[in-house]
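Everything below concerns the one structure shown next.
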Amino acid sequence: MSSDIYYSAFERRENDNYPTIDTRIMDGLMANIALFGDIVDPCAREGSAIVDYLRVQGRNAVGLDDAFASCKGDWIVTNPPFAKSKVNKIVLAQIERVERCEFSGFALLVRINWDFAKTRINFFNRSSYMGEIKLLFRPFWTNDRTQEPKHNYVWHLWRRDGWAYRNIWRYLPPYDPQYTVKHAKN
């Protein structure tokens, strides 16, 4: 297993592409943050369930196949690739876009312990960092419902107008039977 990616007992997907198919993830973001205007997912090389969800909600959303391509808009919303050599560079580039006023805000979906890395402390010590939305469920990344998901996730948020204090929101979705594990019958 390459040290460049996070450990998983499951086989890695090509290009580390794990679409955000669990709609509760986006519900948690939108229940707490008013996304407006032009929204970009800069990590949508192979399509984006984030963009699809936002469009269904009536938002103007597009995906890019290059997280460093020149663009402007109102919000960046993304679930970046897991490759350690890429993710920090991608995140820093998006934060800097917000701080240069190319975007109003940036929402980043990552595992809940992602911000524990000492190499990322600078991301959270910026005046543009506004807080996090803790998702109080473990999202599914495939349509297989035979096993409980193992990881918790969080949205980290940055805004160009800064924030007087850091916020922590929590999102507990209503019960939805489509996200129930189907145990094999004996």
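The values are calculated or read from the model by the stated rules, or taken from the named source; none is laboratory data. The shown structure was predicted, so the numbers you read here are calculated from the model rather than taken from an experiment. For neighbour counting, all protein chains shown are included, and Cβ atoms are generated from backbone atoms with ideal geometry for every residue, glycine included.
Only one of these is under 20 Å from A67 (Cβ atoms), surrounded by 14 or more Cβ atoms within 10 Å (Cβ to Cβ) and over 13 Å from the mean Cα position of the chain (by Cα): R145, R160, R138, R100. Name it. Steps first, please.
Numbers: R145 fails: under 20 Å from A67 (Cβ atoms); R138 fails: under 20 Å from A67 (Cβ atoms); R100 fails: surrounded by 14 or more Cβ atoms within 10 Å (Cβ to Cβ).
The unique qualifying residue is R160.
Restricting to segment 37-49, what's the tally of residues that are modelled with pLDDT of 95 or more and either hydrophobic (A, V, I, L, M, F, W, C) or farther than 16 Å from S104 by Cα (or both)?
Count: 2.
Starting from segment 59-86, keep only residues that are in a strand (DSSP E or B), then list their pairs with residues that are of a type in the set (F, W, Y) and buried (at least 20 other Cβ atoms within 10 Å of the Cβ) whose Cβ atoms are within a distance under 6 Å, requiring at least 6 positions of separation or different chains.
Final answer for the pair search is I76/F103; I76/F106.
Looking at this structure, is R120 closer than 18 Å to I95 by Cα, in contact (Cβ under 8 Å) with a residue 24 or more places away in the chain and outside any loop (DSSP other than H, G, I, E, B)?
Numbers: closer than 18 Å to I95 by Cα: yes; in contact (Cβ under 8 Å) with a residue 24 or more places away in the chain: yes; outside any loop (DSSP other than H, G, I, E, B): yes.
Considered against the rule, which asks whether it is closer than 18 Å to I95 by Cα, in contact (Cβ under 8 Å) with a residue 24 or more places away in the chain and outside any loop (DSSP other than H, G, I, E, B), R120 comes out as yes.
Tally up the residues in segment 29-58 that are hydrophobic (A, V, I, L, M, F, W, C), in a loop (DSSP other than H, G, I, E, B) and surrounded by 15 or more Cβ atoms within 10 Å (Cβ to Cβ), please.
4
Run H156 past the list (1) at pLDDT 95 or above; (2) assigned to a loop (DSSP other than H, G, I, E, B); (3) touching an Asp or Glu at 6+ places or on another chain (Cβ under 6 Å) and report the number of the one that doesn't hold.
(2)
What are the residue pairs meeting all of these: first residue in segment 167-180, first residue small (G, A, S), second residue assigned to a loop (DSSP other than H, G, I, E, B), Cβ atoms under 7 Å, and 6 or more apart or on different chains?
Pairs that qualify, where the first residue is small (G, A, S) and the partner is assigned to a loop (DSSP other than H, G, I, E, B): there are none.
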